[in-house]
1. Please find, within region 276-300, the residue that is modelled with the lowest pLDDT out of those that are of a type in the set (S, T, N, Q) and within 16 Å of Ser255 (Cβ to Cβ).
2. Residue check, Glu198 against (1) over 19 Å from the mean Cα position of the chain (by Cα); (2) crowded, with 20+ Cβ neighbours inside 10 Å; (3) not basic (Lys, Arg), all met but one. Which one?
3. Leu120 - would you say it is crowded, with 24+ Cβ neighbours inside 10 Å and either in a helix (DSSP H, G or I) or within 16 Å of the ligand (Cβ to nearest atom) (or both)?
4. Within the set of pairs 6 or more residues apart or between chains, which connect a residue that is within 25 Å of Pro114 (Cβ to Cβ) inside region 1-22 to a residue that is near the ligand (Cβ under 8 Å from one of its atoms) and assigned to a helix (DSSP H, G or I) with Cβ atoms less than 8 Å apart?
5. Before we move on, is Ala151 over 14 Å from His238 (Cβ atoms) and open to solvent by less than 10 Å² (accessible area, probe 1.4 Å)?
6. As an exercise: evaluate Arg144 against (1) in contact (Cβ under 8 Å) with a residue 60 or more places away in the chain; (2) out of contact with any strand residue (DSSP E or B) (no Cβ under 7 Å at 6 or more places or on another chain); (3) open to solvent by 10 Å² or more (accessible area, probe 1.4 Å) and give the number of the one condition it does not meet.
7. Looking only at region 1-12, which residues are within 15 Å of Val59 (Cα to Cα) and within 13 Å of the ligand (Cβ to nearest atom)?
8. Picking from Asp45, Asp12, which residue would you name as being part of a helix (DSSP H, G or I) and under 15 Å from the mean Cα position of the chain (by Cα)?
Amino acid sequence: MRVFIDCDPGIDDALALAYLAADSSVEIVGVGTVYGNAAVETTTDNAVRLLRLFGRPDVPVSAGAARPLVQQPRLAAHVHGANGLGGIEVPAAERIDVSESAAEALVRLARSAPGQISVLALGPLTNLALALALEPQLPQLVDRVVVMGGAVRVPGNVTPWAEANVNNDPEAAEAVLGAGFDLTLVALDVTMRALATESWLEELAGMEGERARYAHRFLTYYVDWYTSFLGQRACAMHDPLAAAVLLDPALVTESVTLPVQVELTGTHTRGMTVADLRTRPESRSRAPVVLPTAVDVPEFLARMLRALA
Ligand SMILES: [Ca+2]
């Protein structure tokens, strides 16, 4: 499988990178970065460091958008730390010289191998929206797109209604959800149930090797923040779950297929993902996306541990 990863590392982004990097059947054709969990300069530097840490130093990293299409950026230093990785210093790595933006890189790669490249989007969707503006045929040129984002039939996280990636650039998310991609939306509907629990973290703590050690340090920081949110010592594995669903759709045990739009003008609900729940396809307002509603969480967590071994 050939994958382009667009991300804002980010602690859970780091785990998603580890998950994909550990699978020798995955060719990571490029990584794009975007503001989100930290500023884009930081997420770019983190992506370069993490790819080296996880054994993929040859993957080119293209810096992407520094801000959303319309609104001002809101960074998540309170969740991911000032350096985006919980203050944990990952060894510096040399960055391959890349002159293209993330959007330009994605368009070039998609045009060069029509139908062969899958996209994993783990941050605000600004780069994908910019790529669509450059190449309106992008939905036909890429294979599958898996997006971590949205909260369709559950509460939001950054607002009562909105999930962070969508809320960080609602206009971009709306463009991507309406573009006609073969798209799976790994939303809070499932990620908030894919929790790394205390016993899982203990198992990780007992593992040897650099990857496991770093992952445990990142997650310890993340869990400290999440504990106040969840009321238990655990954290939601948003981005790695999206990576796992991309590699193996069979991890999804239940899903619905429905059109999803993003609220752009609501007084309280801007950034909310709004689904058309009507069951008659002919009444639908736009092309549907796949929304997983249940996943095999124990199997996913077992695979995550194996990826870090
Ligand atoms: Ca992310």
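The values are calculated or read from the model by the stated rules, or taken from the named source; none is laboratory data. Just so we're clear, the structure is a prediction, and the values are computed from it rather than from any experiment. Heads up, the Cβs are rebuilt from the backbone with ideal geometry, glycines too, and the neighbour counts pull from every protein chain shown. The accessibility values were calculated without ligands, DNA or RNA, using every heavy atom of the protein model including side chains. Shrake-Rupley method; radii C 1.70, N 1.55, O 1.52, S 1.80 Å.
1. Going through region 276-300, the residues of a type in the set (S, T, N, Q) turn out to be 279, 283, 285, 293.
From what is left, the residues that are within 16 Å of Ser255 (Cβ to Cβ) are 279, 293.
Working: Thr279: 73, Thr293: 98.
My answer is Thr279.
2. With (1) over 19 Å from the mean Cα position of the chain (by Cα); (2) crowded, with 20+ Cβ neighbours inside 10 Å; (3) not basic (Lys, Arg) applied to Glu198, the lone miss is (2).
3. Details: crowded, with 24+ Cβ neighbours inside 10 Å: yes; either in a helix (DSSP H, G or I) or within 16 Å of the ligand (Cβ to nearest atom) (or both): yes.
Taking the combined requirement at face value, the residue satisfies it.
4. These pairs meet every condition: Ile5/Ala16; Cys7/Asp13; Cys7/Ala16; Cys7/Asp239.
5. Working: over 14 Å from His238 (Cβ atoms): no; open to solvent by less than 10 Å² (accessible area, probe 1.4 Å): yes.
Against the criterion (over 14 Å from His238 (Cβ atoms) and open to solvent by less than 10 Å² (accessible area, probe 1.4 Å)), Ala151 does not qualify.
6. Exception for Arg144: condition (2).
7. Ile5, Asp6, Cys7, listed by residue number.
8. Details: Asp45 fails: under 15 Å from the mean Cα position of the chain (by Cα).
Residue meeting the stated conditions: Asp12.
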